[in-house]
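The values are calculated or read from the model by the stated rules, or taken from the named source; none is laboratory data. Note that this is a predicted model, so its numbers are computed, not measured. No Cβ is skipped: glycine too gets one built from the backbone with ideal geometry, and neighbour counts run over all protein chains shown. Quick note on the areas: whole protein, heavy atoms, side chains included, nothing else; ligands and nucleic acids left out. Shrake-Rupley method; radii C 1.70, N 1.55, O 1.52, S 1.80 Å.
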Amino acid sequence: MTNYLYENYIVTLAEKFSRTIDDIMADYNFEYGHEFEVTICKSLRRILPNKYGICRGHVVSSNGEKQGDDIIIYDQERFPTLRAHDKDEYARKENIPIEAVYAYIEAKHTLNPDSLVKSFKQISAVKRLIMERPKRGHFVNDPYINYEPKRMGIELSKEYPQYRNPVFCMILSRFATNTQGHRTDNPQEICDFLQQGLLSVERFEYAPELIVAGKSNFLSVGYNPTGVEEEITPTLFTYFDSTKVEYENLIKENISFGIALAQLLSAIDWIRLDKMPWIDILNNAKGEI
């Protein structure tokens, strides 16, 4: 058995997440629709630090354009939602300003060829809208001060976005199918399905960072400047040049949920959101814009 860092932290994380899903599903005996999204929200709430809010709903721009319909992770310390009930109730959907969003997750009970394509489309639309928000520079300490110091020979990593407030997007499924669309627990069959699925997905400008297909399979994004498969560099975020984005199709027995959570935690820890749109909201209400 492979031993992972911090006394098999990734294994413990995967087991805790999977066990939480199983416990909730056993209590309510549902598989599809919004109930499964609620299950994922509750499972994430037991894992993520409290500074991160979790809800179901839409990301929305200042002009009212909405995208998305699944799970949003946002900055609840600086942007409280208008939810009228307990924070751990996820039945009601929220509208979260694009400025407050850390991550968006497409939750699927079973990932199949159709839902894979639909999820890519949904994530591409969500990312496109969120990318309209102002970019926060690498050297900005206070977003309310318009100051970007000279880089003085500092070279930014080419494997990371050139700004600090990208958004992390993921497709997360409990189960997956084979190439014929039949649900399976066989990791190699799921691997084949994912490989075939990538061929049927359009080359969207904005793609998900991670696709998790059951407890042992996932597609992990990488940066490939040369086009040679062996030279893929794993990254936290999809590269801004979509022609250089590739996926590694990996099998890791029973720990894909742990890997997904670790990458999610790593990504949102790296993100530094810009200022919230309170001034725009205030001035708009006062009739000044």
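Leaving ligands and nucleic acids out of the surface, order 185, 274 by accessible area at 1.4 Å, largest first. Each step should come with its number before you reach the end.
Details: 185 120, 274 25 Å².
Reading off the accessible areas and sorting them downward yields 185, 274.
Once the chain from residue 285 to residue 198 is taken as fully extended at 0.36 nm per residue, the excess over their C-alpha distance is 26.7 nm. Could you tell me which of rounded, prolate or oblate describes the stretch 56-140, using a ≥ b ≥ c as the square roots of the eigenvalues of the alpha-carbon gyration tensor, with rounded for a/c under 1.5 and, failing that, prolate when a/b is larger than b/c and oblate otherwise? It comes out oblate by the Cα gyration axes. Rounded to the nearest 500, the 222 nm mean residue ellipticity of the chain from helices alone is -10500 deg cm²/dmol, with -39,500 (n - 2.57) taken per DSSP H run of at least 4 residues. The length gained on full extension between residue 62 and residue 276, counted as 0.36 nm times the residue separation minus their Cα-Cα distance, comes to 75.9 nm. Along the charge dipole of the chain, which of 210, 141, 107 sits closest to the positive end, that is, farthest toward it, with unit charges on the beta carbon of Lys, Arg, Asp and Glu (+1, +1, -1, -1)? It is 141, whose Cα lies furthest towards the positive end.
The angle between the Cα long axis of helix 34-45 and the main principal axis of the chain comes to about 70°, on a 0 to 90 degree scale. With a Förster radius of 25 Å applied to the C-beta separation of residue 248 and residue 5, the computed FRET efficiency comes to 0.80.
Taking 24 Å as the limit for the C-alpha separation, the pairs 121/244; 135/252; 42/135; 16/215; 93/215; 16/93 exceed it in the case of 135/252; 42/135; 93/215; 16/93.
Among 278, 270, the sequence by solvent-accessible area, most first, with a 1.4 Å probe is 278, 270. In this simple spin-label model, placing a label point 7 Å from the Cα along the Cα-to-Cβ direction at both residue 231 and residue 157 gives a separation of 2.0 nm.
Where (i) 76, 44, 35; (ii) 59, 50, 39; (iii) 50, 46, 33 are the candidate values, the label of the one calculated here for Cα extents along the principal axes in Å is (ii).
How far is helix 187-200 tilted off the main Cα axis of the chain, in degrees rounded to 10, range 0 to 90? For 187-200 against the chain, the angle is about 50 degrees.
Each 5 Å bin from zero holds the following percent of Cα-Cα pairs in the stretch 167-214: 5, 20, 28, 25, 14, 7, 1.
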